[in-house]
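Working notes, structure below.
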Amino acid sequence: MASMLAASEPSVADALLLLSYPLHPPRQPQQMRTKHFPQIETPALFVSGTHDGFGSIAELESAIALIPARTQLLEVKGAGHELLNKASRETLPWLVVEGFLGFAAVRS
């Protein structure tokens, strides 16, 4: 929803933090939810697990390429859509906060 709002109202945010963006329903890659991506002018940081059933890292990389704004993908190794695995349970909040602060600090 945040990405759709930013696509229609670019001034609504300085940057987007998109956690586990659902590219498509699980096992239904033909139903991509990226129609609005070419209209996103707001820098966007995507955080995704490497085992997310709503979109693989490769699918996400292809979709992100549709966005004309600056983007970055932060991968959470071994995590699914919930972004958690044994290693990330303690470190995930800091990984996301540090990643977003660093991303948002860059002005393009």
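Only the coordinates and a few stated rules stand behind these numbers; no lab work does. All values derive from a computational prediction rather than experimental measurement. Positions of Cβ are generated from backbone atoms using ideal geometry, with glycine treated the same way; all protein chains shown enter the neighbour counts.
Scan around L16 for amide H atoms under 5 Å from its own, H built in the peptide plane at 1.01 Å from N, and keep only partners 5 or more places away or cross-chain.
Here the answer is A44, L45, since their amide H atoms fall under 5 Å of that of L16.
What ranking do L101, L19 get, fewest neighbouring Cβ atoms within 10 angstrom at the top?
Numbers: L101 10, L19 18.
In increasing order of surrounding Cβ atoms, one gets L101, L19.
Give, rounded to the nearest 20 debye, the magnitude of the charge dipole that the chain has about its Cα centre when Lys and Arg contribute +1 at Cβ and Asp and Glu contribute -1 at Cβ. Don't skip to the end; give the middle numbers.
Numbers: 8 positive and 10 negative charges, 32 e Å.
Using only the charged Cβ atoms, the result is roughly 160 debye.
Test of understanding: what is the full-extension gain from V97 to E61, defined as 0.36 nm times their sequence separation minus their Cα-Cα distance? Show your work: numbers first, answer last.
On the way: separation 36, 0.36 × 36 = 12.96 nm, distance 2.12 nm.
Separation in residues times 0.36 nm, less the Cα-Cα distance, equals 10.8 nm.
Can you give me the long-range amide H partners of G78? Hydrogens built in the peptide plane at 1.01 Å from N, cutoff under 5 Å, separation of 5 or more residues or another chain.
T50, H51
For the chain, modelled as a GNM with alpha-carbon contacts under 10 angstrom, which of S56, S20, S88 fluctuates the most?
Taking springs between Cα atoms under 10 Å, the residue moving most is S88.
Hey, what did region 6-69 get for relative contact order, percent, Cα under 8 Å, at least 6 apart?
On the way: 96 pairs, mean separation 25.6, N = 64.
Reported as a whole number, the value is 40 percent.
Could you bin all the Cα-Cα distances of region 42-108 into 5 Å bins starting at 0 and give me the percent of pairs in each, rounded to whole numbers?
Spelled out bin by bin, region 42-108 gives 4, 17, 26, 22, 20, 9, 2, 0 percent.
With n ≥ 4 as the cut-off for DSSP H runs, can you work out [θ] at 222 nm for the chain, using -39500 (n - 2.57) per run divided by the number of residues, rounded to the nearest 500? Intermediate results must be reported in sequence, preceding the final value.
On the way: 3 runs with 33 residues, N = 108.
So the calculated ellipticity at 222 nm is -9000 deg cm²/dmol.
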